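Colleague: Shown below is the structure under consideration.
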Amino acid sequence: MKSALTIKEPLTIEKQIERLKCRNLIFEDENKLEQILLKYNYYRLSGYWRKYQINPEKKENNFVDNTTLENIITIYELDASLRPLLLKGIGIFEVCFRTRFAYYMAITDPDFSDTPNPEQPLPSIEDRPSLYLYI
């Protein structure tokens, strides 16, 4: 039995702002909120403001007292600033891993070469399991 997919009706920026007002979000400047919604997207930000809602699992979507737009944007921007740091770390790890792998193969496998010989297939993991355990 298939369940019907409920598609939410899109809200204009004005209706998004009105919804946030009705849910007691504190913000100083409606124009600033409009620019933020156009820049970041209502539904993207909703994942960050859920922790500030009374009980979103039970459809109690009003914000707890004293929740400000700045609270939400601060967390969103912190998360956004972590992304490039993590990607940089992953990039460093990748180069280090490939370097160590190539070094290990070059030192331990006399048949290892930067230019593969199509007539000589590479060993499979099953053929040389101990090689792959220590990389």
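Colleague: If you count, for each residue, the other Cβ atoms within 10 Å and average over each peptide, how do 82-88, 37-43 line up from highest to lowest?
Modeller: The peptides rank, most packed first, as 37-43, 82-88.
Colleague: Cut-off 18 Å, label point 7 angstrom out along Cα-to-Cβ of Asp65: give me the residues of the range 16-39 whose amide nitrogen falls inside.
Modeller: Label zone hits: 23-27.
Colleague: Ok, one more. Measuring from a point 7 Å past the Cα of Asn55 along Cα-to-C-beta, which residues in the range 1-41 have an amide N at less than 20 Å?
Modeller: 23-25, by backbone N distance to the label point.
Colleague: Cut-off under 26 Å on the C-alpha distance; same-chain residues fewer than 8 positions from Lys88 excluded. Which lysines are left, in chain and number order?
Modeller: Answer for Lys88, where 26 Å is the Cα cut-off: Lys39, listed by chain and number.
Read-outs throughout are calculated quantities, based only on the coordinates presented, and are distinct from any laboratory measurement. All of these numbers come straight from a predicted model, not from anything done at the bench. Ideal geometry is used to build each Cβ from the backbone, glycine not excepted, and the neighbour counts take in all protein chains shown.
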